[in-house]
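Undergrad: Here it is, the structure in full.
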């Protein structure tokens, strides 16, 4: 909290030398840690000076400020706030000093959990002052605690306009508020700006997830890709999620390349499921040779009718009828639904071409 200043001690109405010396002594004791002693003495002096002349009332206000400082040092912010309120309401306190104490009282009430009242006081102060970034952050946090998300977002934007450097707590607050206020793009920009190789995996995942929520699957894939390249994301599940994001984001060839390399390097287990995902990626990328080869590898490994059926369907669609017939016959043998129809269609097309 604010200490007594030389201008305050010298302000009008003028204080006697004894009062100035006593105030300075109490302030020194407070700085040395004697909060209880200062509190007791300051309260007693303020009580003694109540109802006196203008100088007495000004001295009373300063004693109340010292008592408030002592209460705050002792951890009783509610009592400190009440003393400042009493001090700033004394009639000889000039508007500038009253507003300084108003700002301090607001901060004390906010930190004491009196959020509604603290926000009201701070809003009153803001009516006459522009404030610094820390004041804007304080108001933003209060609005967030009151779940007034739009107002909180406005105060955060003001804080960032004043100073765009944020500590970790402010960044988390801004991300949460912007999301709750429906300003997802701003939240995403904040999340992305805070990512680097030292960021933990959860931060990368949270950012990619927000991009997905906003429907920007391409950006989600780009974020995950960057995290993978920097080593912040690693492991089988993370690689598979990267593949899925590339597929959703419209970069299936990149998905297939990533998965192929991971299978070759044994980052991902060589299972039928993963082989099927690789085949789907090459298929989505419209790479006919690699898609057919991948589907054939899957079908041979699983020997499931649906895999043979898909191989036959693609081979037929891409004019590879001999391969299509072989695959579809195997699919029919395995009882795959629709295999008979696709085989008949393929054979009919072959007969038409022969004519």
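The values are calculated or read from the model by the stated rules, or taken from the named source; none is laboratory data. Keep in mind that what you see is a predicted model, and the values were worked out from it rather than measured. Every residue, glycine among them, receives a Cβ derived from its backbone with ideal geometry; neighbour counts consider all protein chains shown.
Undergrad: For segment 174-191, enumerate the residues that are farther than 25 Å from residue 134 by Cβ and in a helix (DSSP H, G or I).
TA: Within segment 174-191, 184, 185, 188 meet the criteria.
Undergrad: Give the number of residues within segment 261-279 that are more than 17 Å from residue 302 (Cβ to Cβ), surrounded by fewer than 19 Cβ atoms within 10 Å (Cβ to Cβ) and touching a helix residue (DSSP H, G or I) at 6+ places or on another chain (Cβ under 6 Å).
TA: 1
Undergrad: Report, by residue number, each residue of segment 30-49 that is free of Cβ contacts under 8 Å to residues at least 12 places away in the same chain and surrounded by 16 or more Cβ atoms within 10 Å (Cβ to Cβ).
TA: Passing the criteria: only 34.
Undergrad: May I ask you to list the residues in segment 8-35 that are closer than 13 Å to residue 60 by Cα and either at pLDDT below 90 or assigned to a helix (DSSP H, G or I) (or both)?
TA: Answer for segment 8-35, where residues must be closer than 13 Å to residue 60 by Cα and either at pLDDT below 90 or assigned to a helix (DSSP H, G or I) (or both): 8, 9, 13, 14, 19, 20, 22, 23.
Undergrad: May I pose another question? What is the number of the single condition among (1) part of a helix (DSSP H, G or I); (2) in contact (Cβ under 8 Å) with a residue 12 or more places away in the chain; (3) not assigned by TED's automatic domain parsing to the domain that holds residue 244 that residue 220 does not meet?
TA: Residue 220 satisfies every listed condition except (3).
Undergrad: Got at least one residue in segment 300-317 being under 27 Å from residue 262 (Cβ atoms) and under 42 Å from the mean Cα position of the chain (by Cα)?
TA: No.
Listed here are the residues, each with its yes/no results for (1) in the same structural domain as residue 220 (by TED's automatic domain parsing); (2) in contact (Cβ under 8 Å) with a residue 24 or more places away in the chain.
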site	(1), (2)
252	yes, yes
268	yes, yes
276	yes, yes
309	no, yes
312	no, yes
318	no, yes
324	no, no
336	no, yes
342	no, yes
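Undergrad: Moving to a separate point now. Which of the residues spanning segment 305-319 are over 18 Å from residue 341 (Cβ atoms) and either in contact with a strand residue (DSSP E or B) (Cβ under 7 Å, 6 or more places away or on another chain) or surrounded by 18 or more Cβ atoms within 10 Å (Cβ to Cβ) (or both)?
TA: none
Undergrad: Looking at residue 350 and the list (1) modelled with pLDDT of 90 or more; (2) more than 20 Å from residue 275 (Cβ to Cβ), which single condition is not satisfied?
TA: Condition not satisfied by residue 350: (1).
Undergrad: Please tell me if residue 78 is surrounded by fewer than 20 Cβ atoms within 10 Å (Cβ to Cβ), touching a residue at least 12 places away in the same chain (Cβ under 8 Å) and not in a helix (DSSP H, G or I).
TA: no
Undergrad: Any residue at all in segment 188-198 that is out of contact with any strand residue (DSSP E or B) (no Cβ under 9 Å at 6 or more places or on another chain), in contact (Cβ under 8 Å) with a residue 24 or more places away in the chain and farther than 18 Å from residue 166 by Cα?
TA: yes
Undergrad: Also, I was wondering about something else. Looking only at helices (runs of 4 or more DSSP H) that fall completely inside segment 86-161, which ones have 2 or more residues that are surrounded by 20 or more Cβ atoms within 10 Å (Cβ to Cβ) and assigned by TED's automatic domain parsing to the domain that holds residue 58?
TA: Filter on segment 86-161 gives 95-111, 115-126.
Undergrad: Restricting attention to segment 286-301, does a residue exist that is more than 20 Å from residue 326 (Cβ to Cβ) and surrounded by fewer than 19 Cβ atoms within 10 Å (Cβ to Cβ)?
TA: Checked against the condition, which is being more than 20 Å from residue 326 (Cβ to Cβ) and surrounded by fewer than 19 Cβ atoms within 10 Å (Cβ to Cβ), segment 286-301 yields at least one hit.
Undergrad: How about segment 238-258: which of its residues are in a helix (DSSP H, G or I) and under 27 Å from the mean Cα position of the chain (by Cα)?
TA: 238, 239, 240, 241, 242, 243, 244, 245, 246, 247, 248
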